[in-house]
């Protein structure tokens, strides 16, 4: 496999290689979606552990934190050690750490396994995306990346339902899904090769210094936007449990119904006329506020599902808006590193949101009230952005989010 030359990689690679890489890049979806409906089960099992409401949600959030922290290191390894080698090693760790909770009883050992899983995901994502660039170019690359985007929600829904069903059979059941990584590993062994290396020369000296101030702004803005996004995205189990559902399978069904909001949000962002990022985020934070504050009143299940969908509508707009903003703020020479800053900040936001909810929970009566507190914070941010937009006026230079 490794005997293929970089010069013919674009000609040789085809649908089979693309499918393997798309499945590889879907692994983080598996890591989160499979466990979301079962979070109430985990909380119940570890109820006797001191600080359980703080520590147990980290079973879901720790891997995404590790993606944020270790993606840059993974990129160095992929260049120095080889993409295929790194993927194979990381998939082995992914399966071992992913399925480890089937045998572990202590929460701290389970959390340590989740750290290993997250580091493995950082490696598979980084090296997998690098190979997508090595194998394909131009319109072909865009085609496969678009298929990857389309496949994500489909995989997420399937894993969500499967994880919810397995969670009804056994609280450890959803961890069985990590065995899927073995199938991807076999696909990589059979179909993926290491491209021959080209001389990679740095261009830093010719394009000026990295825009650190812009990076800091993008990092802070992304982290703030990621907080409400993940406060809902990884907490659906607790949202629907608080609305009266007890079965992880039922939770997964209702969460999937509400996820229609995400699709509508992404479509809304696509059809919006060109707007400044501040204007789009005014709407996004306003919708998050409406959803979270309304949920804090513990509405009936049907109404609560519709209200949750409003929050997902915000999330469907939030993700592409902030990413497009980050892309527009960096020159082409530094866009890769800039998106790295964005990606790291976004995934760190997943972890931080869980910590914030845990802290707020010590002063509120139930999870939905904690979500309501975040909703009021979103309302304040939305009002602040609205005032800033009004002051800027229509004569201000436009900074498009597209």
### Task
Measure off 7 Å from each Cα along the Cα-to-Cβ vector at residue 154 and residue 108, then give the distance between these two points in nanometres to one decimal.
4.5 nm
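In nm, what is the difference between 0.36 nm times the number of residues separating residue 15 and residue 140 and their Cα-Cα distance?
Using 0.36 nm per residue and subtracting the Cα-Cα distance, I get 44.0 nm.
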### Amide N proximity, segment 284-307 versus residue 376 label position 7 Å along Cα-to-Cβ, cut-off under 12 Å
293
### Message
As a footprinting exposure proxy, order 66, 123 by other Cβ within 10 Å, with the fewest listed first.
### Response
66, 123
### Summary
Yeah, segment 211-402 with a ≥ b ≥ c from its alpha-carbon gyration tensor (a/c under 1.5 is rounded, else prolate when a/b outruns b/c, oblate otherwise) is prolate
### Query
For segment 1-196, what log10 I(q)/I(0) values come out of the Debye formula at q = 0.14, 0.19 1/Å, with one point per alpha carbon and no solvent?
-0.78, -1.28
### Message
If I take R0 = 30 Å and measure r between the Cβ atoms of residue 270 and residue 303 in this structure, what FRET efficiency does the formula 1/(1 + (r/R0)^6) give, to the nearest 0.05?
### Response
0.60
### Message
Ratio of alpha-carbon Rg to the 2.2 N^0.38 Å globular estimate for segment 54-100, to two decimals, please.
### Response
1.33
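All of the numbers you see were taken from the coordinates with simple rules; none came from a lab. From a predicted model like this one, the values you see are computed outputs, not experimental measurements. Don't worry about glycine lacking a Cβ; one is built from the backbone with ideal geometry, like all the others, and counts go over all protein chains shown.
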